[in-house]
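The structure appears below as structure tokens.
Derivation of every value follows stated rules applied to the coordinates shown; laboratory data play no part. None of the values given here were measured: they were computed from a predicted structure. As a convention, Cβ positions derive from the backbone with ideal geometry for all residues, glycine included, and neighbour counts pool all protein chains shown.
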Number of protein chains: 2
Amino acid sequence: MYGVILAGGSGTRFWPISREQSPKQLQEIVGPGTMIQNTVQRLLPLIPIENIFLGTNHKQAVETLRQLDSYNFVADHLIAEPCSRNTALAIGVMAQLMIDKDPDAIMGVFPADHVVTNSEAFIKALQKAETIAQNGYLVTLGIPPTRPETGFGYLKQGTTIENMEGAYHVDRFVEKPDNHTAKQYLEQGNYYWNCGVFVWKAASILKEMQQHAKNIYSQLETIVGCLQTSQGKPGYQELNKKGCDLFSSLPSLSIDYAVMENSSQVVFIPADIGWNDVGSWNALDDVYEKDSSGNIIHGNVLAHDCNNSIIQGQKRLIGVLGLTDTVVVDSPDALLVCSKERSQDVKKLVEALNEKGHPEGKQPSTVKRPWGSYTVLDSGPSYLLKRIEVLPGETLSLQSHQHRSEHWTVVSGNAEVVRDQETFHLKTNDSITIPKNAKHRLGNSESDLLIVIEIQFGQHLDENDISRFEDRYGRC
Amino acid sequence: MYGVILAGGSGTRFWPISREQSPKQLQEIVGPGTMIQNTVQRLLPLIPIENIFLGTNHKQAVETLRQLDSYNFVADHLIAEPCSRNTALAIGVMAQLMIDKDPDAIMGVFPADHVVTNSEAFIKALQKAETIAQNGYLVTLGIPPTRPETGFGYLKQGTTIENMEGAYHVDRFVEKPDNHTAKQYLEQGNYYWNCGVFVWKAASILKEMQQHAKNIYSQLETIVGCLQTSQGKPGYQELNKKGCDLFSSLPSLSIDYAVMENSSQVVFIPADIGWNDVGSWNALDDVYEKDSSGNIIHGNVLAHDCNNSIIQGQKRLIGVLGLTDTVVVDSPDALLVCSKERSQDVKKLVEALNEKGHPEGKQPSTVKRPWGSYTVLDSGPSYLLKRIEVLPGETLSLQSHQHRSEHWTVVSGNAEVVRDQETFHLKTNDSITIPKNAKHRLGNSESDLLIVIEIQFGQHLDENDISRFEDRYGRC
């Protein structure tokens, strides 16, 4: 069995921890481990790492691979999408890739940012689904609802299937219901949450796409033919210009809408696996243990007389007093305080931030780069102070700046610095100045993290003031 | 008329903006201007700056003078107390000082951290009080209550005074009442808030202290004799060792308890002056204009659907959503979120922080020093990053550190740096390294602010790792 993880979410509802440039699946929303790490971990008892594939936006490709390094995830099993076109196209591309390798391939499809608390039941359900999928069915998991949830789609249980105990036809798919309807579904007992986990033969889903989503299906071979190894390291797969254009031109459809709701081959297995889509901050109530007053409190927090509240702190001290049903989420550059019942609307708050041009809506305070990360610590009229972290063995591009000089001080590890014709080896406590227009490069050839404090000087301090001459990540 | 401002408050109820080391009167709780600046400003139409005296804790002396620089406040009119002994002793010392200068002196006594919105009525009330005080009375202002406040003491209106229209004897002083009693006071109309503003002849209050607070009175001359100009600049007045010991040994009593409640000479003037003691965050409701949803919002805040809430932000972005009757106060190193009705209990939260040893309970993120301030921006296992601001004309002590080296980079202004036998003139963008044990000094001899980024290196990074050889502020 092959595993396909779809990591396309933006997770604006988990602002300020997740941001457009560092979405939910890459965060420790339900730690330890980021959501994508936990998703991979969950599959390993059934699917070996070399059989796992992953689709994500090209902007998250490097960071995603970094997070999966310790799992020995195969870099070229990551397919970087040039833009988001929902699940139908992503799944089609993956199925086409797989059938080219193995005509009998069975693939499981998994969202990257959900929680499953009962791993054993999850694996059992997948094994059962695999057996059914061998017969050409499109199998999905149906989660027995535990509350009248209005945020999910539902599957209505249909007739049983001959010789397949515990598997059912889907009578119909239903969109997110209103509160009254959701209560009825819960009482009736024959409605299940549609959790977005699918198991099928690659050949089966392609056959159904050919019938129900012809415009997508007809381009899949061409798109897969446009895949190439990314420039620089690490070598994930990305589309060439032609492939990007084609991909972008195709409709953005969910696999549910494009195929599942129309196919006669769909069956589902009720699967009580402790699933949660962790759709907004209040979902933490379902996945974390609460204190005796119903609170979930993480970080450097002192709480007095709070009830049913969620307090997610970090390094900064948070004092909370007399709160009820309130969510407080702190981050270095942005803070959220909201009533728990409005958690879903954090998305709207972020949209408003973006409209008003607040960078904190999209960009995290620590910005990930292929070589590591940087964090702005302070700024003044003509200076900018950053902490730069360079991962072991990594190196920034050979670059120059027209409008700023830079002053670097190594505070941890050892740096290899190229400045014009010279190379310097700096150890902790050493400094160097990089004048305007000097060609320079910062690298870490050792096995420990390198931390550099950078002070930029200039009248125009802008990330775009950069000329790249060489870059191992193909950013020239 | 002389003015005596008593600046003794700690203001823990305004955490995290006010802290033990940077109390309420030095903050812009109701800006523009800090509370002590606004208190001075309010007196100037009646009392020239050279007639204003100020009592405060010695730890706040330099910063207080700094804040009053632009008012030309006379430095040696600041009396620095070695510890807090409440108002009776502070007033006694001031009265003794004054009578030595001017036997007929009339002094007004004013808390440093209250708000008065009707300045004109305030000045008129003081003028009237001055006239009455000429006759030997101890005059206080009574504020007509506007709500059944349980947080203040009250004055009960007594009989009128012959030939003094609008002045009354005080029938009795009453402590903070319970809610029921406070409502009765409001209905009856003959109770007034006791606001802590007094006007009297220095001779009158001393005479009454002689009678009702003999143990304090008997030491006043000795204490005043122990006053001396502080070492280093600026030259405020402080007690010598003998004076400190004597001061500390005296009882901590309020002037109300020690004198006013016992004296037959007390009269009061009803004064509708828009007074507010700004005792906790929810008091901002009474002094700021609210938006159409009843919110008070300052700083970098995006608010959706909030009601009757107080959001005090700073540089960091705050997103708030669906809050009601909630207080959010952000600061660089600590955050408060509390229900408005629990504002009074912020004090308890801070006590708990202090018990648990959180430095954020007492120390602000930007630490004021006689020469300017420093702010910790980042730290790691063996480094500490600070922004140091040195005021024009100021200089740090000549010092050395046993356990750390320091690396300085000037990011704004010009620095004069002494390192062992050498002197360096650094301009913006220049750096210098100070090795362990090197005697060094950082100064700003120019008229612009100097900003230096300091990186400390070492295994023991501690403010106490300092040997001072010379210091213009007397800290050797």
So, with points 7 Å from each Cα along the Cβ direction, the A:His425-A:Glu221 label distance in nm works out to 5.7 nm
Using Cβ contacts closer than 10 Å as the measure, can you line up A:Ser331, B:Ser412 from fewest to most? B:Ser412, A:Ser331
Using the Karplus curve 6.51 cos²θ - 1.76 cosθ + 1.60 with θ = phi - 60°, work out ³J(HN,Hα) for each residue of region A:2-10 in order, rounded to whole Hz, and write x for Gly and Pro. 9, x, 10, 9, 9, 10, x, x, 9
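Only Cα pairs under 8 Å and at least 6 apart count here; give the relative contact order of region B:2-276 as a rounded whole percent. Walk me through the numbers before you get to the answer.
Details: 539 pairs, mean separation 70.8, N = 275.
26 percent.
Ignoring everything except DSSP H segments at least 4 long, calculate the 222 nm mean residue ellipticity for chain A; use -39,500 (n - 2.57) per segment, divide by total residues, nearest 500. It would help to have the intermediate numbers written out before the result.
Numbers: 11 runs with 102 residues, N = 476.
That calculation yields -6000 deg cm²/dmol at 222 nm.
Mind checking the dipole of region A:19-81: about its Cα centre, +1 per Lys or Arg Cβ, -1 per Asp or Glu Cβ, Debye to the nearest 20?
Working: 5 positive and 7 negative charges, 38 e Å.
For this selection, approximately 180 debye.
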Starting from the Cα of A:Lys207, draw a straight line to each of the aspartates and glutamates and keep only those under 18 Å, dropping any in the same chain fewer than 8 residues away. A:Asp100, A:Asp102, A:Asp104, A:Glu130, A:Glu221, A:Asp256, A:Glu261
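Measure up B:Lys24/B:Lys362; B:Lys59/B:Lys436; A:Lys315/B:Lys356 against 18 Å on the Cα-Cα distance and list the ones that go over. Before the final figure, lay out the partial values.
Numbers: B:Lys24/B:Lys362 12 Å; B:Lys59/B:Lys436 29 Å; A:Lys315/B:Lys356 16 Å.
Over 18 Å Cα-Cα: B:Lys59/B:Lys436.
Hey, got a sec? Which trypsin sites (Lys or Arg not before Pro) in region A:268-344 land in a DSSP loop and have at most 11 other Cβ atoms within 10 Å?
Values: sites: A:Lys290, A:Lys315, A:Arg316, A:Lys340, A:Arg342; in loops: A:Lys290, A:Lys315, A:Arg316.
The qualifying sites are A:Lys315.
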If amide H atoms are modeled at 1.01 Å from N in the peptide plane, then the residues at a separation of 5 or more from A:Ile29, or on another chain, having amide H under 5 Å from its own are A:Met35
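Mind checking the full-extension length gain between B:Gln211 and B:Thr375? Use 0.36 nm per residue of separation minus the Cα-Cα distance, one decimal, nm.
Value of the extension gain: 54.0 nm.
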Overall dimensions of chain B by Cα: Rg and Dmax, Å: 24.6, 76
Roughly what percent of Cα-Cα pairs across region A:366-470 reach past 21 Å? 26 percent
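Evaluate the charge dipole of the protein assembly as shown about its Cα centre and quote only its size in Debye, nearest 20, assuming +1 on the Cβ of each Lys and Arg and -1 on the Cβ of each Asp and Glu. The partial results should precede the final answer.
Values: 86 positive and 114 negative charges, 142 e Å.
Taking the Cα centre of the protein assembly as shown as origin, the dipole is about 680 debye.
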Taking the alpha-carbon distance from A:Lys348 and a cut-off under 13 Å, which aspartates and glutamates remain once sequence neighbours fewer than 8 residues away in the same chain are dropped? B:Asp305
In Hz, Karplus ³J(HN,Hα) per residue of region B:21-27 (6.51, -1.76, 1.60; θ = phi - 60°; x = Gly, Pro): 7, 8, x, 3, 5, 8, 10
Set of lysines near A:Lys183 by C-alpha distance (under 26 Å), chain-local residues within fewer than 8 positions excluded: A:Lys156, A:Lys290, A:Lys340, A:Lys347
Assign one of three labels to the protein assembly as shown, namely rounded, prolate or oblate, based on the Cα gyration tensor with a ≥ b ≥ c the square roots of its eigenvalues; rounded applies when a/c is under 1.5, prolate when it is not and a/b is larger than b/c, and oblate otherwise. oblate
Compute the angle between helix A:179-188 and the longest alpha-carbon principal axis of chain A, please, reported from 0 to 90 degrees and rounded to the nearest 10. 50 degrees
Which residues in region A:377-404 place their backbone N less than 17 Å from a point set 7 Å from the Cα of A:Ser447 along the Cα-to-Cβ direction? A:391-394
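In peptide A:324-334, what is the residue-averaged number of other protein chain Cβ atoms found within 10 Å of each Cβ? Intermediate values should be presented prior to the final figure.
Values: counts 2, 1, 7, 2, 3, 1, 4, 2, 1, 3, 6.
What the average comes to for A:324-334 is 3.
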Karplus 3J(HN,Hα) series, Hz, for region B:299-311 with 6.51 cos²θ - 1.76 cosθ + 1.60 (x for Gly, Pro): x, 7, 10, 10, 10, 10, 6, 9, 9, 6, 10, 10, 10
If labels are modelled 7 Å from Cα along the Cβ direction, B:Gly158 lies from its partners in the other copies at nm distances, smallest first, of 9.4
At a 10 Å Cβ-Cβ cut-off, how would you order B:Thr423, B:Thr326, fewest neighbours first? B:Thr423, B:Thr326
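Treat every Asp and Glu Cβ in chain A as -1 and every Lys and Arg Cβ as +1, leave all other atoms uncharged, and give the resulting dipole magnitude about the Cα centre to the nearest 20 debye.
Values: 43 positive and 57 negative charges, 145 e Å.
Using Cβ point charges on Lys, Arg, Asp and Glu, chain A gives about 700 debye.
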Can you give me the angle between helix A:119-133 and the longest principal axis of chain A, using Cα atoms only, in degrees from 0 to 90, rounded to the nearest 10? 60 degrees
Can you tell me, using C-alpha contacts under 8 Å and at least 6 residues apart, the relative contact order of chain B as a whole percent? 15 percent
Compare the Cα positions of A:Val329, A:Val410, A:Ala7 along the charge dipole of the protein assembly as shown (+1 at Cβ of Lys, Arg; -1 at Cβ of Asp, Glu; about the Cα centre) and return the one farthest towards the positive end. A:Val410
In Å, what Kirkwood hydrodynamic radius results for region A:2-276 from the alpha-carbon pair distances? 19.0 Å
